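Here the structure is laid out as C-alpha cells; the discussion comes afterwards.
The values are calculated or read from the model by the stated rules, or taken from the named source; none is laboratory data. Everything quoted here is computed from the prediction, not taken from an experiment. Note that each Cβ is placed from the backbone with ideal geometry, even for glycine, and that neighbours are counted across all protein chains shown. Keep in mind that these areas ignore ligands, DNA and RNA; they rest on the heavy atoms of the full protein, side chains included. Shrake-Rupley method; radii C 1.70, N 1.55, O 1.52, S 1.80 Å.
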Amino acid sequence: MIARPCSAALRLFLAALAPLVVTACDKPAQPIEQAMVADPDEWPSWGRTGTETHYSPLDEIDTGNVGKLKLAWHFDLEPGYTASTPLMAEGKVFLTTGHSHIRALDAVTGRQIWEYDGGTRERATSALQMSWGNKGIAYDAGHVFLVTTDGYVISLDAKTGREAWKTYDYPDAAPRNSNGAPRVFGGKVIVGFGGADISPARGFVTAYDEKTGKLAWRFYTTPGDPASPGNEKAEAIMRKTWPSGWTNPDGTRRGGGGTAWNAFSYDPELNLVYLGIGNGFPYNQARRSPGGGDNLFLSSIVAVDVNTGAYKWHYQVCPAEQWDCTATTDITLATLKIDGKDRKVLMQAPKNGFFYVIDRATGAFISAEKIAKVTWADHIDGKTGRPVENPGIRYAGKPGLFEVWPGPTGAHSWMPQAYSPLTGLVYIPVIEQGALIGDGQKGGGEITAGMGVTLIPEVELPGSHRSFLKAWNPVTQSVAWEVELPGNWPGGVMASAGGLVFQGQIDGKFVARDAQTGKALWSFKTESPIVGAPITYRMNGRQYVTVITGSGGNGAGINSPGNAAFRTDYRLPRRVLTFALDGKDTIPPFQLPELAAPADPDFKPDLARAQAGAMLFGTRACLVCHGWNAIGGGAAPDLRYSPMITDADTFRQVVKGGALKMNGMPPFPDFTDEELETLRFYLRARAQAAPAEQKALLDKARAAQASNAKPQDFVGKWNIVIQTPVGPQKAVMNLQVTGNVVTGKVTAEQGTVDVAGGVKNGRAKFQGKASMPMPITISYDITVRGGKMSGENANGPFGSFPLTGTRP
C-alpha cells in the first residue's frame with residue numbers, strides 16, 4: 001500500500017505546488033514530469049494532460065479513506081451513447097453524449113448550466129456518419145472543442161455554449177466518421193477520423209488554429225496525391241513501402257486506410273505530437289498491395305512537428321498489417337529510469353498484444369513484451385524492433401480459416417490505460433479474445449464488402465471471452481498484478497496520487513483498487529455498466545471523482561456474447577455520477593423489467609431463410625450496433641425483445657425509411673423489400689430462441705453445483721433440441737456408459753458425429769469431430785434432472801448453445 005505521510009495542513013499550504021508535494025512526501029517509483037501533473041485541480045483533456053497518462057496528482061482521496069467515498073451528486077441522461085470521458089475546467093464538468101450533444105454542469109452541484117446539440121442527426125446521410133457517438137471532447141483557454149461524427153470541428157464558448165467557430169474537416173465524399181476526442185496541443189486543435197474498415201480512403205490528421213479555426217496543417221498517413229505541404233519527406237518514405245502502388249489501372253484507389261481517430265499525445269519540450277495510426281483497407285495485404293512492402297504508415301506511431309505537421313520519425317507495430325492491427329490505443333508519455341539512466345519514452349499497448357516502450361525523441365525501439373495471448377508473432381526483435389512472425393500466419397492464397405490472437409477486438413482496445421509515476425506501473429484494460437481469419441472467399445464471410453478476408457471475430461475458443469485489469473511494469477516488461485474482470489469489455493482506467501486506480505465494470509460496479517496490489521478497497525453499484533474512463537478534480541479544496549455510466553464503444557456490440565450474462569440493456573439508466581468523501585446524494589432504486597420476447601404466434605421456423613437473414617444482419621452492419629447474433633451489447637436496443645420485428649410495416653419504416661433517425665437509428669435505403677423481410681425473419685427467429693438462451697445462462701451458472709445424476713441416467717436414446725442463432729436444431733443422441741466412460745453418436749440433418757467422454761459430478765462431458773467445412777470439435781456438457789436432459793452444445797469456435805432433451 002502506498003503511504004500518505006503528508007498532513008492535510010501541509011497539503012493545503014502547498015496547494016499551488018501540488019506536484020512538489022507528491023515528490024517530497026512520497027518517493028515515486030519513476031521520475032515525475034511537470035507536464036504530467038500540471039493544473040492539478042482540473043481535467044481539461046482526454047488524458048488530463050498531453051502526456052495522456054489519465055493520472056491526477058490529487059491525493060485527498062487515498063487508500064486509507066476511499067472506503068468513505070459517497071455520492072455527491074448525479075445527473076440523469078437520456079438513452080444513447082455514453083461511453084465517454086468527461087472533462088473539468090472553470091468549475092464546470094463538460095461531457096458529450098449521443099451524437100455530439102454537449103453539456104456543461106456545475107462541478108459542485110451537478111446543475112446544468114448550458115447544453116449544445118452538434119446537429120449530427122439532422123445532417124447525417126449515412127449510417128457511418130451517425131456512428132455510435134462521441135467518446136470525448138477537449139477544453140482550452142475558455143473554449144470547448146468537439147468533432148461531430150459527421151466531420152464538423154466546432155469551438156464553443158465554455159461559459160455560454162455558443163459557437164465561436166465551426167469548420168468542416170472532410171475534403172471529399174469518401175466514407176468517414178469522427179468519434180474520438182480532439183486534443184488541443186500547442187495552440188492547435190488536433191483531429192482525426194475513422195473509416196478504414198469501409199474503404200481504401202486515404203487517412204490523415206488535421207490541425208486547426210484553436211482561436212480562428214483556420215487549417216494549420218494536414219498530415220497524410222498513406223501515400224497519394226496531393227502531398228501535403230511540408231511533408232515531402234514523409235511522402236517519399238511511404239511510397240517506397242508500397243512497391244506496387246496503391247491505385248488500380250483505372251486510377252481508382254486500391255489500397256489505403258491508416259485512419260487516426262483516437263490516440264494523440266504531446267511533448268511541449270520536443271514540440272512533437274504523436275499520432276496513433278490505424279489499419280489498412282483491404283485487410284488482405286495481397287489485394288491492398290500485391291507487391292508487398294511494409295505499407296507505411298499503417299499501424300504506426302508517427303511523430304510530427306506541432307507547428308507545421310512536418311514528419312520527424314515513425315515506429316511501425318505491425319509491418320504489412322493484415323489482421324486489423326492498429327496503433328490507435330493511448331500513447332502514454334513518461335520518464336523511466338532504464339539501466340540507471342532517465343529515458344523520455346512513450347508507451348503503448350496496441351491491439352496486437354504487445355506492450356511497447358519507445359524513445360519519444362528519436363523513435364528508437366527500447367523493449368516490448370506480450371500482455372495477452374498472441375499467435376501472430378513470436379516476439380519483437382530487440383535489434384530491429386520488428387516482429388518475428390509465426391510461420392503460416394499470412395493467409396493470402398491459403399484455404400480454410402485459422403485462429404489468430406488477439407482478434408480484431410484487440411488485446412487492448414480504445415478504453416484508456418493509466419500510468420502512475422508513484423508506482424511506476426501502467427494499468428491496462430486487457431481483453432483475451434481470438435478470432436478465425438482466412439483469405440477472402442467468394443460468396444461471403446466479409447463483414448464489410450471488399451475487405452478481402454473471411455473474418456469471424458466473435459468465436460468460442462478456449463480462454464476467450466475474458467478481460468483483465470493488468471498492472472504492467474514497463475521497465476521490467478512484466479505484470480505486477482492482475483485482476484480478472486466480469487465479461488469481456490473492460491472499462492477505461494484512471495490513477496491518482498492517492499495510491500488508487502478507478503475503473504468501471506460491465507456488471508455495473510464502479511471500483512477503486514490499491515494501485516500497488518490491485519486489492520479492491522471500495523465499490524459502488526451504479527445500476528448500469530461503465531465503459532468510459534473516470535476523472536478526478538478539486539473544487540474549493542475538495543476532491544471529486546466523476547464517471548459516466550453506460551455500455552457501448554465495442555463496435556458497439558460485436559463482442560456482446562461475452563457480456564450476455566450481464567444486463568447491458570439500452571434502457572438501463574445512464575447517469576453522470578460524482579463522488580466525494582462527504583457526499584450525501586442518493587440515486588433512486590431501479591428495476592429493469594424482465595426480458596420478454598414479443599408475442600409472434602404466426603412465426604414458423606425456416607432454417608434456410610433464417611440463415612439468409614443472419615448473413616444480411618452480419619454483412620449490412622446491423623451487428624455493429626445491435627450485437628453479434630443479435631445479442632444486444634447496450635449501445636442500441638436488443639432487437640430480440642423489440643415488438644417492432646413482428647410488424648412488417650413498422651420494421652420497413654424504421655430500417656429503410658429512417659423513422660427513428662432522430663433517436664440514432666440511421667436509414668438503410670438500399671435494402672430491398674424482400675431483403676427486409678428476410679432480415680426481419682432472422683430477428684423473429686432470434687426472438688423465439690431468446691428465452692431458451694436466457695435459461696441456458698442461468699443453467700450454466702448453476703452448472704458448478706453438483707448434480708445427482710448417475711452414469712446410467714445418461715444411457716440410451718435422447719431426442720435433443722439445440723437452440724442455435726438461426727433457430728432450433730433437432731438431433732438424436734444415442735449414448736452408452738461403461739463405468740464413467742461415455743461413448744455414442746449424435747445424428748442430425750447435417751450428418752452423424754461419433755462422441756466420447758466421461759461422467760463426473762453428475763455431468764456428462766463428451767465431444768467429437770465434424771467438418772463445417774473446416775474441421776471443428778463439437779462438445780457437449782449435459783446433466784439429467786427429473787428424467788430430462790439440459791446443458792449446452794459447443795460448435796467449435798462458432799459458439800455455445802443451450803440444449804434440452806427428452807426420451808422418445
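If you filter the range 607-628 down to residues that are open to solvent by less than 70 Å² (accessible area, probe 1.4 Å) and outside any helix (DSSP H, G or I), you find that the one that is modelled with the lowest pLDDT is Ala621. Meeting the requirement of 3 or more residues that are touching a Leu at 6+ places or on another chain (Cβ under 9 Å) and at pLDDT 95 or above, the strands (runs of 3 or more DSSP E) wholly within the range 312-399 are 332-338, 341-348, 354-359.
Of the residues Thr362, Thr326, the single one that is within 22 Å of the chain's Cα centre (by Cα) and over 22 Å from Met494 (Cα atoms) is Thr326. The residues of the range 575-586 that are open to solvent by 10 Å² or more (accessible area, probe 1.4 Å) and either assigned to a strand (DSSP E or B) or touching a Pro at 6+ places or on another chain (Cβ under 8 Å) (or both) amount to a single one, Arg575.
Has the range 400-417 got any residue that is open to solvent by 20 Å² or more (accessible area, probe 1.4 Å), within 25 Å of Gly552 (Cα to Cα), in contact (Cβ under 8 Å) with a residue 60 or more places away in the chain and in a strand (DSSP E or B)? No, every residue in the range 400-417 fails to be open to solvent by 20 Å² or more (accessible area, probe 1.4 Å), within 25 Å of Gly552 (Cα to Cα), in contact (Cβ under 8 Å) with a residue 60 or more places away in the chain and in a strand (DSSP E or B).
Scanning the range 28-60 for residues that are open to solvent by less than 10 Å² (accessible area, probe 1.4 Å) and not charged (D, E, K, R) turns up Met36, Val37, Trp43, Trp46, Gly47, Thr51, Thr53, His54, Tyr55, Ser56, Pro57, Leu58. Restricting Asp157, Asp150, Asp172 to those that are under 30 Å from Arg254 (Cβ atoms) and more than 25 Å from the chain's Cα centre (by Cα) reduces the list to Asp172.
In the set Leu735, Leu803, only one residue is open to solvent by less than 30 Å² (accessible area, probe 1.4 Å), at pLDDT 90 or above and assigned to a strand (DSSP E or B); that residue is Leu735. Looking across the range 368-387, the residues that are open to solvent by less than 40 Å² (accessible area, probe 1.4 Å) and within 22 Å of Leu296 (Cβ to Cβ) come down to Ala368, Trp376, Ala377, Ile380, Gly385, Pro387. Checked against the criterion of being crowded, with 24+ Cβ neighbours inside 10 Å and part of a strand (DSSP E or B), the range 282-299 contains not a single residue that satisfies it.
Of the residues examined, Ala107 is not one that is small (Gly, Ala, Ser), farther than 28 Å from Cys625 by Cα and touching an Asp or Glu at 6+ places or on another chain (Cβ under 7 Å). Taking first residues from the range 711-723 that are among the charged types (D, E, K, R) and partners that are open to solvent by less than 30 Å² (accessible area, probe 1.4 Å), the Cβ contacts under 8 Å between residues at least 6 apart in sequence or on separate chains come to Asp713/Val784; Lys717/Met733.
Applying the criterion of being in contact with a Ser or Thr (Cβ under 6 Å, 6 or more places away or on another chain) and of a type in the set (D, E, K, R) to the residues of the range 300-345, the residue that is least open to solvent (accessible area, probe 1.4 Å) is Glu321. As a summary of the residue check, Leu156 satisfies the conditions (1) within 28 Å of Ala196 (Cβ to Cβ); (2) open to solvent by less than 10 Å² (accessible area, probe 1.4 Å) except for the one numbered (1).
Screening Thr650, Thr678 for residues that are farther than 30 Å from Trp522 by Cβ, over 28 Å from the mean Cα position of the chain (by Cα), assigned to a helix (DSSP H, G or I) and in contact (Cβ under 8 Å) with a residue 60 or more places away in the chain leaves exactly one candidate, Thr678.
Filtering the range 490-505 to residues that are open to solvent by less than 10 Å² (accessible area, probe 1.4 Å) and in contact with a Gly (Cβ under 7 Å, 6 or more places away or on another chain) leaves Gly491, Gly492, Gln503, Gly504. A single entry from Phe524, Phe510 fulfils the requirement of being outside any loop (DSSP other than H, G, I, E, B), aromatic (Phe, Trp, Tyr), open to solvent by 10 Å² or more (accessible area, probe 1.4 Å) and at pLDDT 95 or above: Phe524.
When the range 127-153 is limited to residues that are among the small types (Gly, Ala, Ser) and either closer than 22 Å to Val531 by Cβ or modelled with pLDDT under 85 (or both), the one that is surrounded by the fewest Cβ atoms within 10 Å (Cβ to Cβ) turns out to be Ala127. Number of residues in the range 100-126 that are more than 23 Å from Thr578 (Cα to Cα) and either among the basic types (Lys, Arg) or crowded, with 19+ Cβ neighbours inside 10 Å (or both) equals 5.
The residue that is least open to solvent (accessible area, probe 1.4 Å), counting only those in the range 653-675 that are more than 30 Å from His101 (Cβ to Cβ) and assigned to a helix (DSSP H, G or I), is Glu675. Among the residues of the range 527-567, those that are at pLDDT 75 or above, buried (at least 24 other Cβ atoms within 10 Å of the Cβ) and in a loop (DSSP other than H, G, I, E, B) comprise Ser528, Pro529, Val531, Gly532, Ala533, Pro534, Thr549, Ser551, Gly552. Can you name every residue in the range 494-507 that is within 17 Å of Leu425 (Cα to Cα) and at pLDDT below 95? Result: no residue meets the conditions.
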